[in-house]
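Trainee: Next up is a structure, given as structure tokens.
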Amino acid sequence: MKAEIIKMTEDSIDKNSIQRAGELLKAGELVAFPTETVYGLGGNALNARASKKIYAAKGRPSDNPLIVHIADYEAIFDIVASIPKKAQLLAREFWPGPLTMILPKSAKVPLETTGGLGSVAVRFPSHKIARELIRAGGGYVAAPSANTSGRPSPTLASHVIEDLGEAIPMIIDGGQVGIGLESTIVDFTEEIPTVLRPGYISLEMLKSLLGEVILDRGLLKSNEPPKAPGMKYRHYAPKADLAIVEGDIPAVIAAINAYAARASMEGKQVGIIGTEETIGQYPTGIVKSIGSRKDEESIALHLYQVLREFDECRVSAIYSEAFYTPKMGQAIMNRLLKAAGHKVIKV
Ligand code: TXA
Ligand code: MG
């Protein structure tokens, strides 16, 4: 199967194509589409067979539950058994937007969609194309990131085409996504709201609204199993060995240059992930800028793209600076540390 690629922008939505995409979803087929976080691989969330197709297309383990996307707040009441006050508060503040909430599921949601769990992940995205598609597809769209399992999440339609271009009937190309990292996941099935996956909406933002919010212990220690089943897999793993070099910037630059020089003496090619401010200071290796430290959102936006680009180069090792930026640093470093298998060199 070769996917039909349909181009549109949020400002000029092609209603006819959205209608056709919606019909595909209603018929149990899969459609990839842009959201404000990353591209999603959509299927009808209330159709067990569509969910199974999603797992098959991604090569994803079936114990890893899917997020159900809605396009109107009221739609949530049909798929959850209850919704605590604090979850309502978060929804009012951050929906539509890059926030996913875990709530007890209603009988309407098949266990195939929730990976066998009694809870369901719900997200109301802000991206206009996503919202139009969800409405056209019947209102409930299960959508994991539109990458094959184990690859970085897609931030451009070309990434989706690379991974799924032969596996699904339609891909909506809405250009580059806005954020570049997956949504923040907050679990409301625990007594204290718990962040299962950090994202654009930070722990501080959640705390300022809800009071006590904790981070899943699996996020803090790499040997503790995380609660979100998907977080236990070594996602986003580049083909080359990736190590993060952490410390004061001048020391980091010196250390990376020493590693690169040694590797090049051994005849090996090295990749380096730096920023606009530092790339000029790495004389050896293939050097890529992830963005600017003055604009942390640019770092989040380009992380997966840079990792994918290095998969195309024949490098045997990648050294990356660390990016503990003030707001999104927790989310950026969560993904980067996983990509590196938690390999950190402190200098
Ligand atoms: O930004 C996003 O959330 C993107 C876009 C497409 O919306 N979607 C996304 O889906 O990142 P996915 O499938 O790649 O990640 C979903 C994560 C997984 O780690 C999964 O284990 C967790 O959410 N999850 C889903 N339902 C859950 C549940 N009921 N309890 C705990 N974790 C859950
Ligand atoms: Mg994913």
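Trainee: Could you check the stretch 159-177 and list, in sequence order, the residues that are surrounded by fewer than 20 Cβ atoms within 10 Å (Cβ to Cβ) and not aliphatic (A, V, I, L, M)?
Mentor: GLU162, GLY165, GLU166, PRO169, ASP173, GLY175, GLN176
Trainee: So how many residues does the stretch 118-130 have that are in contact (Cβ under 8 Å) with a residue 60 or more places away in the chain and either over 22 Å from GLY97 (Cα atoms) or of a type in the set (A, V, I, L, M) (or both)?
Mentor: Counting residues in the stretch 118-130 that are in contact (Cβ under 8 Å) with a residue 60 or more places away in the chain and either over 22 Å from GLY97 (Cα atoms) or of a type in the set (A, V, I, L, M) (or both) gives 3.
Trainee: Let me ask another. So which of SER62, SER145 ends up being of a type in the set (S, T, N, Q) and modelled with pLDDT of 95 or more?
Mentor: On the way: SER62 fails: modelled with pLDDT of 95 or more.
None of the others qualify; the one that does is SER145.
Trainee: I would also like to ask the following. Which residues, counting only those in the stretch 1-28, are of a type in the set (Ser, Thr, Tyr) and surrounded by 13 or more Cβ atoms within 10 Å (Cβ to Cβ)? Don't jump to the end; show me each part of the working.
Mentor: Pass one, the stretch 1-28, residues of a type in the set (Ser, Thr, Tyr): 9, 12, 17.
Within the stretch 1-28, THR9, SER17 qualify.
Trainee: Just checking, how many residues over the stretch 112-134 are closer than 17 Å to ALA50 by Cα and more than 11 Å from ligand 1 (Cβ to nearest atom)?
Mentor: Matching residues across the stretch 112-134 total 2.
Trainee: Sticking with this one: Assuming GLU190 fulfils every condition listed in (1) within 18 Å of ASN64 (Cα to Cα); (2) away from ligand 2 (no atom under 16 Å from the Cβ); (3) modelled with pLDDT under 95 apart from one, which condition is it?
Mentor: In the conditions (1) within 18 Å of ASN64 (Cα to Cα); (2) away from ligand 2 (no atom under 16 Å from the Cβ); (3) modelled with pLDDT under 95, GLU190 misses (1) alone.
Trainee: What number goes with the only condition from (1) touching a Pro at 6+ places or on another chain (Cβ under 6 Å); (2) more than 16 Å from ligand 2 (Cβ to nearest atom) that TYR200 does not pass?
Mentor: (2)
Trainee: Still on this structure, please answer the following. Hey, does the stretch 132-144 have a residue that's part of a helix (DSSP H, G or I) and under 18 Å from the mean Cα position of the chain (by Cα)? Spell out how you get there, then give the answer.
Mentor: From the stretch 132-144, those part of a helix (DSSP H, G or I) are 132-136; that's our starting set.
Imposing the further condition that a residue be under 18 Å from the mean Cα position of the chain (by Cα) reduces the set to none.
No, the stretch 132-144 contains no residue that is part of a helix (DSSP H, G or I) and under 18 Å from the mean Cα position of the chain (by Cα).
Trainee: Pull up the stretch 239-294, narrow it to residues that are assigned to a loop (DSSP other than H, G, I, E, B) and among the charged types (D, E, K, R), then point me to the one that is farthest from GLY180 (Cα to Cα).
Mentor: If we filter the stretch 239-294 for residues that are assigned to a loop (DSSP other than H, G, I, E, B), which is where we start, we get 239-240, 247-248, 266-269, 275-278, 282-285, 290-291, 293-294.
Next cut, among the charged types (D, E, K, R) only: 239, 248, 266, 268, 276-277, 293-294.
Working: LYS239: 20, ASP248: 26, GLU266: 35, LYS268: 31, GLU276: 18, GLU277: 21, ARG293: 16, LYS294: 17 Å.
Checking each candidate, the answer is GLU266.
Trainee: Further question on the same structure: Would you tally the residues in the stretch 175-192 being farther than 18 Å from PRO96 by Cα and either away from ligand 1 (no atom under 12 Å from the Cβ) or within 17 Å of the chain's Cα centre (by Cα) (or both)?
Mentor: Of the residues in that region, 4 qualify.
Trainee: Let me ask something else about it. Checking LEU156 against (1) surrounded by fewer than 24 Cβ atoms within 10 Å (Cβ to Cβ); (2) away from ligand 2 (no atom under 16 Å from the Cβ); (3) of a type in the set (A, V, I, L, M), only one condition comes out false. Which one?
Mentor: In the conditions (1) surrounded by fewer than 24 Cβ atoms within 10 Å (Cβ to Cβ); (2) away from ligand 2 (no atom under 16 Å from the Cβ); (3) of a type in the set (A, V, I, L, M), LEU156 misses (2) alone.
Trainee: Does GLY230 satisfy being within 16 Å of ligand 1 (Cβ to nearest atom), under 26 Å from GLU312 (Cβ atoms), modelled with pLDDT under 90 and in a helix (DSSP H, G or I)? Before you say what the answer is, go through the steps one by one.
Mentor: Values: within 16 Å of ligand 1 (Cβ to nearest atom): yes; under 26 Å from GLU312 (Cβ atoms): yes; modelled with pLDDT under 90: yes; in a helix (DSSP H, G or I): yes.
Against the criterion (within 16 Å of ligand 1 (Cβ to nearest atom), under 26 Å from GLU312 (Cβ atoms), modelled with pLDDT under 90 and in a helix (DSSP H, G or I)), GLY230 qualifies.
Trainee: What is the one condition in (1) touching a Lys or Arg at 6+ places or on another chain (Cβ under 8 Å); (2) more than 16 Å from LEU156 (Cα to Cα) that TYR324 does not satisfy?
Mentor: Failed condition: (1).
Trainee: Residue under question is ILE168, and the condition is that it be within 16 Å of the chain's Cα centre (by Cα), farther than 14 Å from ILE102 by Cβ, in a loop (DSSP other than H, G, I, E, B) and of a type in the set (Val, Ile, Thr); does it hold? Give the steps one after another, and end with the answer.
Mentor: Values: within 16 Å of the chain's Cα centre (by Cα): no; farther than 14 Å from ILE102 by Cβ: yes; in a loop (DSSP other than H, G, I, E, B): yes; of a type in the set (Val, Ile, Thr): yes.
So ILE168 does not fit the description; no.
Trainee: Here is a list: GLY139, GLY150. Which entry is under 22 Å from PRO225 (Cβ atoms), in contact (Cβ under 8 Å) with a residue 12 or more places away in the chain, away from ligand 1 (no atom under 11 Å from the Cβ) and of a type outside the set (Asp, Glu)?
Mentor: Numbers: GLY139 fails: under 22 Å from PRO225 (Cβ atoms).
Matching residue, one of GLY139, GLY150: GLY150.
Trainee: Name the pairs whose Cβ atoms lie under 6 Å apart, with the first residue in the stretch 85-97 and modelled with pLDDT of 95 or more, the second hydroxyl-bearing (Ser, Thr, Tyr) and part of a loop (DSSP other than H, G, I, E, B), and 6 or more positions between them or separate chains?
Mentor: From residues that are modelled with pLDDT of 95 or more, the pairs are PRO96/SER126; GLY97/SER126.
Trainee: Out of curiosity, is GLY271 farther than 20 Å from LYS346 by Cα, in contact (Cβ under 8 Å) with a residue 24 or more places away in the chain and crowded, with 19+ Cβ neighbours inside 10 Å? Walk me through it before giving the result.
Mentor: Numbers: farther than 20 Å from LYS346 by Cα: no; in contact (Cβ under 8 Å) with a residue 24 or more places away in the chain: yes; crowded, with 19+ Cβ neighbours inside 10 Å: yes.
So GLY271 does not fit the description; no.
The values are calculated or read from the model by the stated rules, or taken from the named source; none is laboratory data. Model, not experiment: these values are computed from the prediction. Note: ideal-geometry Cβ built from the backbone for every residue, glycine included; neighbour counts use all protein chains shown.
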